Amino acid sequence: MTSEDSSVLERSARPPDATWAYGGLTEQVADVYAVASDRPPRATVVVVHGGFWRPVYDRAHARPLSAALADDGYLVVSLEYRRVPGLPDETIADLETAVAALPPLLTDHAAQGVPLVVVGHSAGGHLALLLSAGEALGLPCLALAPVADLAAADRLDLGGGAVAAFLGGPAGDRPDLDPAQEAVPRHPVTVLHGADDSIVPAAISEGYATAHPAAVRRVVVPDCAHFELIDPLSTVWPLVQTELARLVLNERREP
């Protein structure tokens, strides 16, 4: 992501309805977008932003995505989290803490009993896939252009060494944080990846889908690059809406 990409999305964003603190640190907060009706939300969507895990990129560029999902009837909780190079376990701990702390917020927004899913983009897609693999907190996941194979991303030097900077070493040292290796999904996962993505090439999610064929639905989107998937004004946005609705419907059908 470049600063220009981020600023374009931020300019089109409306502010969140509230900011929720799930911990005591500055980064342990989330934007909350409520459903603008008296009806219960269709689902609660936890959004995890991207930016190659770097501290310079925060949740602000995910606000158009979050607002559009709220307009579609979802309660949206867009997470901020610690992004300290070389300390990936702090990042994972923040995400797990936030999901575990959700119940009172869901009660406040009449969202008890509705499906809970996670949507992540780019590096946030990687983190969302880890949430789908969590033993205690596994969630159905819609991953948008995810860095789903850390070993492959490391070999390709995506983001100018972003994987090694995030992990504090080569991807091979942390197979537990690699969705294509040991982080096996425990809930359904849908991956949308742009065929023209040059930032996180579509091949990066191919290995992940091959490793977990029973749990993963992967769609390569023609004429789509990296940021269209989180831009509600893009031509591919209806596909994002359809695939999220499919995931939520399938979750409602689970006994």
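A few comments on the model shown:
- Any hit, segment 176-199, residues being in a helix (DSSP H, G or I) and either crowded, with 22+ Cβ neighbours inside 10 Å or of a type outside the set (Val, Ile, Thr) (or both): yes
- Which listed residue, of 169, 159, is part of a loop (DSSP other than H, G, I, E, B), open to solvent by 10 Å² or more (accessible area, probe 1.4 Å) and under 16 Å from residue 54 (Cβ atoms): 159
- Candidates 54, 42, 83, 59, filtered to the one that is open to solvent by 50 Å² or more (accessible area, probe 1.4 Å) and within 20 Å of residue 146 (Cβ to Cβ): 54
- Residue check for residue 102: farther than 19 Å from residue 54 by Cβ and touching a Ser or Thr at 6+ places or on another chain (Cβ under 6 Å): no
- Breaking point among (1) open to solvent by 30 Å² or more (accessible area, probe 1.4 Å); (2) among the polar types (S, T, N, Q); (3) part of a helix (DSSP H, G or I); (4) more than 19 Å from residue 45 (Cα to Cα), for residue 205: (1)
Per-residue answers, yes or no, for (1) of a type in the set (Ser, Thr, Tyr); (2) touching a helix residue (DSSP H, G or I) at 6+ places or on another chain (Cβ under 9 Å); (3) more than 30 Å from residue 249 (Cβ to Cβ):
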| site | (1), (2), (3) |
| --- | --- |
| 123 | no, yes, no |
| 144 | no, yes, no |
| 148 | no, yes, no |
| 161 | no, yes, yes |
| 166 | no, yes, yes |
| 169 | no, no, yes |
| 173 | no, yes, yes |
| 183 | no, yes, no |
| 187 | no, yes, no |
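- Pairs with Cβ under 9 Å, 6+ apart, first in segment 105-127 and over 26 Å from residue 184 (Cβ atoms), second part of a strand (DSSP E or B) and open to solvent by 20 Å² or more (accessible area, probe 1.4 Å): 105/20; 106/116
- Within the option set 91, 97, being at pLDDT 95 or above, part of a helix (DSSP H, G or I) and open to solvent by 10 Å² or more (accessible area, probe 1.4 Å) holds for one residue only, 97.
- Checking 71, 94 one by one, the residue that is in contact (Cβ under 8 Å) with a residue 24 or more places away in the chain and more than 22 Å from residue 175 (Cα to Cα) is 71 and no other.
Quick grid of which residues meet (1) within 30 Å of residue 246 (Cα to Cα); (2) of a type in the set (Gly, Ala, Ser); (3) out of contact with any Cys (no Cβ under 8 Å at 6 or more places or on another chain):
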| position | (1), (2), (3) |
| --- | --- |
| 147 | yes, no, yes |
| 158 | no, no, yes |
| 162 | no, yes, yes |
| 179 | yes, no, yes |
| 183 | yes, yes, yes |
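- Only one of the listed residues (248, 240, 221, 216) is farther than 25 Å from residue 52 by Cβ, surrounded by 19 or more Cβ atoms within 10 Å (Cβ to Cβ), in contact (Cβ under 8 Å) with a residue 12 or more places away in the chain and not acidic (Asp, Glu). That residue is 248.
The values are calculated or read from the model by the stated rules, or taken from the named source; none is laboratory data. Source: prediction; values computed, not measured. Neighbour counts run over all protein chains shown; Cβ positions are idealised from the backbone, glycine included. To get the accessible areas, we keep the full protein, side chains included, count just its heavy atoms, and leave off ligands, DNA and RNA. Shrake-Rupley method; radii C 1.70, N 1.55, O 1.52, S 1.80 Å.
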